[in-house]
1. How high is the relative contact order of the range 148-289? Use alpha-carbon pairs under 8 Å, at least six apart in sequence, and give a whole percent.
2. Compute the helix-to-body angle for 124-137: its Cα long axis versus the longest principal axis of the chain, expressed 0 to 90° and rounded to tens.
3. Summing -39500 (n - 2.57) over the DSSP H runs of n ≥ 4 in the chain and dividing by its residue number, what mean residue ellipticity at 222 nm do you reach, to the nearest 500 deg cm²/dmol?
4. In Å and from the alpha-carbon atoms only, list the Rg and Dmax of the chain.
5. With contacts defined as alpha carbon pairs under 8 Å and 6 or more residues apart, what's the relative contact order of the chain in percent?
6. Among all stretches of the chain without exposed trypsin sites (Lys or Arg not before Pro) (DSSP loop, at most 12 other Cβ atoms within 10 Å), which one is longest?
7. Residues with amide H under 5 Å of Tyr256's amide H, sequence separation 5 or more or different chain, H placed in the peptide plane at 1.01 Å from N; which?
8. Stick to the Cα atoms of the range 116-274, pair each with every other, and give me the Kirkwood hydrodynamic radius in Å at one decimal.
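The values are calculated or read from the model by the stated rules, or taken from the named source; none is laboratory data. Note that the coordinates shown come from a computational prediction; the quantities given were computed from them, not determined experimentally. Cβ placement follows ideal geometry from the backbone for every residue including glycine, while neighbour counts extend to all protein chains displayed. Side chains included, ligands, DNA and RNA excluded: accessible areas come from the protein's heavy atoms. Shrake-Rupley method; radii C 1.70, N 1.55, O 1.52, S 1.80 Å.
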Amino acid sequence: MKLSLDTLSNSLKIALITGANIGIGRITAIELARQGYKLFLACRSPERTQPVIDEIKEITGKIDSVTFLHLELSDLVSVKKCADAFLSYNLPLHLLINNAGLAGAKGITSQGFELAFGVNHIGHFLLTKLLIERLKASEPARVVTVASRAHRLATNGISWQTLQLPTQSFTGTQEYAQSKLANILFSSQLSKNLINTGVTTYSLHPGVVDTEVWRKVPQFLRPILRLRKMLTPEQGAQTTLFCALNAPSHETGLYYDLSQIKVPTSHALDETQAIKLWEHSMQWTAPFQ
Ligand SMILES: NC(=O)c1ccc[n+]([C@@H]2O[C@H](COP(=O)([O-])OP(=O)(O)OC[C@H]3O[C@@H](n4cnc5c(N)ncnc54)[C@H](OP(=O)(O)O)[C@@H]3O)[C@@H](O)[C@H]2O)c1
């Protein structure tokens with residue numbers, strides 16, 4: 001069923017992007033604003049998001065072209081409030097970009113999930129679930145999830161026994177890899193659940209990008225990481241933008257790198273694991289749905 005749009009022209013496209021105050025998400029938001037999208041920026045801090053809000057208003061010349069939504073992905077109460085806040089605008093949603101993420105941080109979320117898994121996967125799983133009917137009602141619509149080539153480091157797949165414990169590894173790398181594997185499995189399973197709805201899904205690796213994501217990575221690892229030439233955030237946003245704007249709809253559920261389909265690891269293609277992750281994520285987030 002299509003939403004009735006009293007105040008908006010049917011041609012207005014609306015996107016919600018998580019973690020848009022900085023890095024890849026910030027550039028993605030700015031480029032989508034240039035393409036005419038009305039934006040909802042779901043971020044942790046209004047103060048840290050204000051500069052990109054100002055920038056977008058300057059580009060579009062419209063004060064209502066961008067709206068801040070508070071989102072703390074490590075707390076499912078906040079995720080629910082964020083989704084409710086968006087839904088209360090009674091607007092369509094054509095594009096959900098699950099971009100926010102952390103690497104190398106250690107801890108546990110408010111509901112007891114390992115920090116990287118909780119923020120990068122569980123928070124986005126619930127947000128997507130809460131917005132899915134709106135996406136369907138707005139079809140054609142897309143869900144783009146920023147994963148990572150680092151999923152390759154999850155060589156044993158998902159370690160189910162670690163998901164509800166504080167981060168165990170010294171660098172947090174193993175947990176980050178696992179959370180990014182979860183992003184790919186989630187996007188793939190979501191596409192299967194959305195067959196014939198007009199909503200398509202894409203996951204991607206943005207490249208190795210010079211952003212704040214490395215801020216929690218231990219000091220001794222940083223020179224090693226810097227040996228590789230990193231992309232600028234502008235370059236790093238290109239695959240997200242390709243998936244959001246140009247990837248063919250029949251390529252739903254696939255994983256992209258350098259704006260091209262890339263075959264991820266066998267763990268990321270494991271349909272049994274994708275279903276298991278989906279079912280567990282449904283159970284874990286059920287109190288907030
Ligand atoms: N940079 C790379 O080389 C690289 C490579 C592969 C994949 N990625 C992925 O690309 C995505 C964007 O990362 P980036 O490189 O642009 O890093 P970034 O500059 O650090 O941006 C990350 C964004 O996520 C937000 N975020 C972190 N924890 C959050 C939480 N608990 N709740 C809500 N928002 C939270 C941050 O908000 P605050 O500013 O409030 O912390 C920030 O807006 C991530 O998913 C990352 O895993 C990056």
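1. 30 percent
2. Taking the Cα atoms of the chain, the angle to 124-137 is about 30 degrees.
3. -11500 deg cm²/dmol, from helical runs alone.
4. Radius of gyration, then largest Cα-Cα span, for the chain: 17.7, 56 Å.
5. Working: 576 pairs, mean separation 53.7, N = 289.
Relative contact order, the chain: 19 percent.
6. Counting only loop sites that pass the neighbour cut-off, the longest clear stretch is 63-227.
7. Ser203, Leu204, His205, Lys262
8. Values: mean 1/r = 0.0613 Å⁻¹.
Averaging 1/r across every pair of different Cα atoms and inverting gives 16.3 Å.
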